[in-house]
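Take a look at the structure below.
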Amino acid sequence: MTDAVAALRREVCALHAELPRNGLVAWTSGNISARVPDEDLMVIKASGVAYDDLDPDAIVVCDLGGELVEGELQPSSDAATHGFVYREMPDVGAVAHTHSAYATAWAIHGEPIPCVMTAMADEFGGEIPVGPFALIGDEEIGRGVVETLAGHRSPAVLMRAHGVFAVGATPRDAVKSAVMCEDVARTVHLARALGPVEPLEPHHIDALWERYQNVYGQR
């Protein structure tokens, strides 16, 4: 194992703490993976390991078919899904998968989260789309993620009756997208409980997204 892979395993291990901290997972559900730069490999959480027991040894190395390459534990049952995303989306460096309550409720309902507030336009550039239902364990969920995100600026997709898959250039970016997806899912749900909501105008969404992506924060 190279120093770079060891460092990536440590980073991904540490970021898993953000999932329970932000209320995005229960028990052992959910996972984060990261692409190994310049290799057809990824690192991903091992299957069924409790978050309190997670250490870098529980972040295993797989090929992009989801098969174990290095490590003592079996990889996540979502490994083939993550690998498919990396094969088909070369700009994606990390994937975070959660079953967060509000976002998953939208996924069960089979409805995209409409872009009705500025913070959502900033982060997602429009609605958060819904992908098709697929069984866990092979590449079909990954195929649905890739096909649904094509043509969307959103880095997150609600997979029907399943949960959230969020992508990013880095592991932190992917986790941030998952956190913000749950935040907007909750807020829009609460707004709709008060009455009908109206999506922002497309030109306003474009302006907000452009400002947030290219001006906001430190450069």
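The values are calculated or read from the model by the stated rules, or taken from the named source; none is laboratory data. Just so it is clear, the model here is predicted, and its values are computed rather than measured. Note that we place each Cβ from the backbone using ideal geometry, even for glycine, and neighbour counts take in every protein chain shown. Protein only, heavy atoms only, side chains kept; ligands, DNA and RNA dropped before computing areas. Shrake-Rupley method; radii C 1.70, N 1.55, O 1.52, S 1.80 Å.
Inter-part distance, segment 145-219 to segment 93-141, computed on C-alpha centroids, equals 8 Å. In segment 79-219, taking the dipole from charged Cβ atoms about the Cα centre, the farthest positive-side position among TYR216, SER154, HIS203 is held by TYR216.
When the chain is described by a simple charge dipole with +1 on each Lys and Arg Cβ and -1 on each Asp and Glu Cβ, the residue from VAL85, VAL69, TRP106 located farthest towards its positive end is TRP106. Across 10 Å bins from 0, what is the distribution of all Cα-Cα pair distances for segment 136-211, in whole percents? Binned Cα distances yield the sequence 15, 39, 37, 8, 0. Compactness of segment 1-95 was expressed as the Cα radius of gyration divided by 2.2 N^0.38 Å, which yields 0.98.
Tell me the chymotrypsin sites (Phe, Trp or Tyr not before Pro) within segment 80-136 that lie in a loop according to DSSP and have at most 16 other beta-carbon atoms within 10 Å. Don't skip to the answer; put the middle values down first.
Working: sites: PHE84, TYR86, TYR102, TRP106, PHE124, PHE133; in loops: PHE133.
Those that pass, being in a loop and sparsely packed, are PHE133.
Only helices at least 15 Å long along their own axis, judged from Cα atoms, and with Kyte-Doolittle mean hydropathy of 0.0 or greater: name those in the chain from DSSP H. It would help to have the intermediate numbers written out before the result.
Details: long enough: 3-15 (18 Å, 0.75); 171-194 (35 Å, 0.15); 202-214 (18 Å, -1.43).
Long hydrophobic helices here: 3-15, 171-194.
What base-10 log of the normalised intensity I(q)/I(0) is obtained for segment 1-57 from the Debye formula, alpha carbons as equal point scatterers, at q = 0.22, 0.23, 0.30 Å⁻¹? Relative scattering, expressed as log10 I(q)/I(0), comes to -0.82, -0.88, -1.29. Under a crude label model (7 Å from the Cα following the beta-carbon direction), how far is ALA207 from ASP173 in nanometres? Here the modelled spin labels are 2.7 nm apart. Summed over the residues of the chain and divided among them, the accessible surface reaches 48 Å² per residue at a probe radius of 1.4 Å. Expressed in units of 2.2 N^0.38 Å, where N is the residue count, the Cα radius of gyration of the chain is 0.99. What's the whole-number percent of alpha carbon pairs in segment 86-132 lying beyond 18 angstrom? Result for the distance tail: 45 percent.
Charges at C-beta only: +1 for Lys and Arg, -1 for Asp and Glu. How large is the resulting dipole of segment 88-143 about its Cα centre, in Debye rounded to 20?
Numbers: 1 positive and 9 negative charges, 36 e Å.
In debye, rounded to 20, segment 88-143 gives about 180.
Taking 0.36 nm per residue of separation and subtracting the current Cα-Cα distance, fully stretching the chain between GLU111 and ARG192 would add 27.8 nm. Spin-label model, LEU68 to ARG10: label points 7 Å out along the Cα-to-beta-carbon direction sit 2.4 nm apart.
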